[in-house]
1. Hydrophobic (A, V, I, L, M, F, W, C), surrounded by 15 or more Cβ atoms within 10 Å (Cβ to Cβ) and either out of contact with any helix residue (DSSP H, G or I) (no Cβ under 9 Å at 6 or more places or on another chain) or within 11 Å of another protein chain (Cβ to nearest Cβ) (or both): is that true of A:A7 in this structure?
2. Return yes or no: is A:K110 out of contact with any helix residue (DSSP H, G or I) (no Cβ under 9 Å at 6 or more places or on another chain), crowded, with 17+ Cβ neighbours inside 10 Å and either facing another protein chain (nearest Cβ under 9 Å) or more than 16 Å from A:L159 (Cα to Cα) (or both)?
3. A:S291 - would you say it is within 28 Å of A:D24 (Cα to Cα), in the same structural domain as A:T192 (by TED's automatic domain parsing) and under 28 Å from the mean Cα position of the chain (by Cα)?
4. Mind checking which pairs have a first residue in segment B:76-91 that is more than 11 Å from chain A (Cβ to nearest Cβ) and under 14 Å from B:S160 (Cα atoms) and a second that is among the hydrophobic types (A, V, I, L, M, F, W, C) and part of a helix (DSSP H, G or I), Cβ under 6 Å, 6 or more apart or different chains?
5. Residue check: is A:I63 crowded, with 21+ Cβ neighbours inside 10 Å, within 14 Å of chain B (Cβ to nearest Cβ), out of contact with any Lys or Arg (no Cβ under 8 Å at 6 or more places or on another chain) and of a type in the set (A, V, I, L, M)?
6. Report yes if some residue within segment B:135-156 is surrounded by 23 or more Cβ atoms within 10 Å (Cβ to Cβ), closer than 19 Å to B:A23 by Cα and more than 14 Å from chain A (Cβ to nearest Cβ); otherwise report no.
7. If only one of B:A108, B:A71 is closer than 30 Å to A:V81 by Cα and under 17 Å from the mean Cα position of the chain (by Cα), which one is it?
8. Please go through segment A:35-60 and give me each residue that is within 13 Å of chain B (Cβ to nearest Cβ), farther than 24 Å from A:I107 by Cα and of a type in the set (A, V, I, L, M, F, W, C), ordered by number.
Amino acid sequence: MTSLIHARGLVKRFGDFTAVDGIDVDVRRGEAFGFLGPNGAGKSSTMRMIGCVSPPTGGVLEILGMDPRRDGPAIRAKLGVCPQLDNLDIELTVRENLTTYARFFGISRKEARRRADELLEFVQLAERADSKVEPLSGGMKRRLTIARAMVNQPEMVLLDEPTTGLDPQARHLVWERLFRLKQQGVTLVLTTHYMDEAEQLCDRLVVMDGGRIVAEGSPRSLIEQYSTREVVELRFATEDQAAYADKLAGIGERLEVLPDRILLYVADGDGAADEVNRRSLSPASVLVRRSSLEDVFLHLTGRTLVD
Amino acid sequence: MTAPLYVLEYHLVNYRRTWRSSALSTLVIPLLTLLGFGVGVGAYVRGGVEGVPYIDWIVPGLIASTAMQAAFGEATWPVLSYFEWLKVYFAQAAAPLRVGDILGGHLAFMLFRVVLSAAAFLAMAAAFGTLHSWWAPLTLVVALLVGFAAAAPTMAYAASITSDSYLIILMRFAVLPMSLFSGVFFPVESLPVLLRWVAYVFPLWHGVELSRDAMLGLAPGLLGVVHVAVLLAWCAAGWLLAVSRFRRRLVI
């Protein structure tokens, strides 16, 4: 089966700065694919190249089997794009935002109205169809942007940080709608730095850092490969957590000292907690949890803050 | 070929929501200008200008000037905001539109507004009894040319900046001098030679002269060809510049 996105050695440079530094990506029809990474990892630059609004500096890029350098409009006709910052028309009504956008794809006015009503139903905005966009909440605006991205019945939808800045209820509603799209067979490509989002939505993902892909796989396989099954978080009632590091030696596969706690990466969390008690270290708190994509992510991209 | 029309349609849908607020000023400004300059100043200009009453002489210039003002109004803040604040252009660029479609559709809408403003002025001028020639409606074609010649380079300028303080600079140092020194209110021959070149180089004076010929039913002659050529040169250069500035912002 052919890939909807096929990239080999894809590069994007802005002057001296290399935003994307030779990545290989294949996205298959019907899957939900994620680009994970800290700010400045090159996710958005990659998405803009895939969306055919940013010509690659080097390497191979094929979208839907076409060449974005030459077939930009033909490719964009089959894509849906949900940008990081909403660029809805605040002067127009909710429905007009969809109908005017549909016209850019050459969709007839009548068909545009039909699709608008259907999509507003889908993103649960039907009762707001005739209100203006400006007073809508952040979650409603994001859902409207997603509806707008669907107006041309795209083969693939690009979502750049679809739930950044939304409150928990709004995020869950967006996830639920995106999951519905995925079930309908729509190929989703998204960027995120929320690990729970990636675990919820992505069949497969790549972790990017400094313009490169540092890991690739399903959320589960990445956790298996780069972390342990469970993590024990220990807090000691002291200023200096590091003082306990030696005393914990030999428990689990890996140990990480943070300013406020110590993380033990282990296969068996409860067993490790028992061992800590046997050594009479008496931590102020013990938390045993399953390893998450966040552990993988921080392990791969480091804990240094990137602004 | 239909893609720019879809963009024009988008702007018209937007305009349908806001036209009421602009309609009043489209009508009131010509009225005030005609009362102030045509009737008021005209009362002091005894014997008229170049053989016609002052009000008849300035009306065609004011129509061309109105076209230019309308073009500047549409090609400055709206363009800047579509890049910087509302990001409308970026949403359009994600659809199967080309840079030329996005630019051309918006420019077409601007010209629609330009011709609408010029037509309102012409209608008001008719009410003041200043229409004397069957060629008068040709002023609207001139207005279209002036609008294009002013809007295209202004769009290029607005696409090159990120703050509206640069638009205020444009208003003070380009629009205002052009309005004053382009033969709208008095013949450019009254100006010192240096300032006369402001008229010769910028598009407005050429539009004013053509507009006046049409309104007064005079044959523009060979000079008319020069006026049209200068205006077309501004249109062409402005368009090419705008396409390249828009591309720089939208395709990066």
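1. Against the criterion (hydrophobic (A, V, I, L, M, F, W, C), surrounded by 15 or more Cβ atoms within 10 Å (Cβ to Cβ) and either out of contact with any helix residue (DSSP H, G or I) (no Cβ under 9 Å at 6 or more places or on another chain) or within 11 Å of another protein chain (Cβ to nearest Cβ) (or both)), A:A7 does not qualify.
2. No.
3. no
4. B:T76/B:A158; B:T76/B:L167; B:V79/B:M155; B:V79/B:A158; B:L80/B:A158
5. Details: crowded, with 21+ Cβ neighbours inside 10 Å: yes; within 14 Å of chain B (Cβ to nearest Cβ): yes; out of contact with any Lys or Arg (no Cβ under 8 Å at 6 or more places or on another chain): yes; of a type in the set (A, V, I, L, M): yes.
In short, yes.
6. Yes, because at least one residue in segment B:135-156 is surrounded by 23 or more Cβ atoms within 10 Å (Cβ to Cβ), closer than 19 Å to B:A23 by Cα and more than 14 Å from chain A (Cβ to nearest Cβ).
7. The unique qualifying residue is B:A108.
8. Answer for segment A:35-60, where residues must be within 13 Å of chain B (Cβ to nearest Cβ), farther than 24 Å from A:I107 by Cα and of a type in the set (A, V, I, L, M, F, W, C): A:M47, A:M49.
The values are calculated or read from the model by the stated rules, or taken from the named source; none is laboratory data. What you see is a predicted model; the values in this text were computed from it and never measured. Please note: Cβ atoms are built from the backbone with ideal geometry, for glycine as well, and neighbour counts cover all protein chains shown.
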